[in-house]
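Here's the structure we're looking at; comments come further down.
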Amino acid sequence: MREITSSALDMLTGTERTVAGLVASGAGNREVAQSLFVTVRTVELHLTSVYRKLGVQRRADLGAALRAEGAVSRPGGDGR
């Protein structure tokens, strides 16, 4: 059982975090699917779950939601 925390990011599975990070960095669903060796439909299902868990309505809002949770650095950052 997962521990209850204050971060919505903690509700994501490892794969959901990976998919969300790739999409937030600009990758398309097909590109994500190829890099993870899964189908495009699987990526879509993971994204649907990510959107629900983070309260995101659109793909364009995903990066901001992840940054707010501390999951990704701002564009142009060195990512360290």
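The values are calculated or read from the model by the stated rules, or taken from the named source; none is laboratory data. Source: prediction; values computed, not measured. Here the Cβ positions follow ideal geometry from the backbone for every residue, glycine too, while neighbour counts run over all protein chains shown. These accessible areas exclude ligands, DNA and RNA; they are computed on the full protein's heavy atoms, side chains included. Shrake-Rupley method; radii C 1.70, N 1.55, O 1.52, S 1.80 Å.
Return the total of residues in the range 43-64 being closer than 11 Å to Leu12 by Cβ and either among the charged types (D, E, K, R) or in contact (Cβ under 8 Å) with a residue 40 or more places away in the chain (or both). So the count comes out to 3. Residues in the range 2-16 that are within 14 Å of Tyr51 (Cα to Cα) and either modelled with pLDDT under 95 or among the polar types (S, T, N, Q) (or both): Ala8, Leu9, Asp10, Met11, Leu12, Thr13, Thr15.
Taken over the range 22-47, the residue count meeting the criterion of being out of contact with any Ser or Thr (no Cβ under 8 Å at 6 or more places or on another chain) and open to solvent by 20 Å² or more (accessible area, probe 1.4 Å) is 17. Among the residues of the range 48-72, those that are closer than 17 Å to Asn29 by Cα, in a helix (DSSP H, G or I) and open to solvent by 70 Å² or more (accessible area, probe 1.4 Å) comprise Thr48, Arg59, Ala60.
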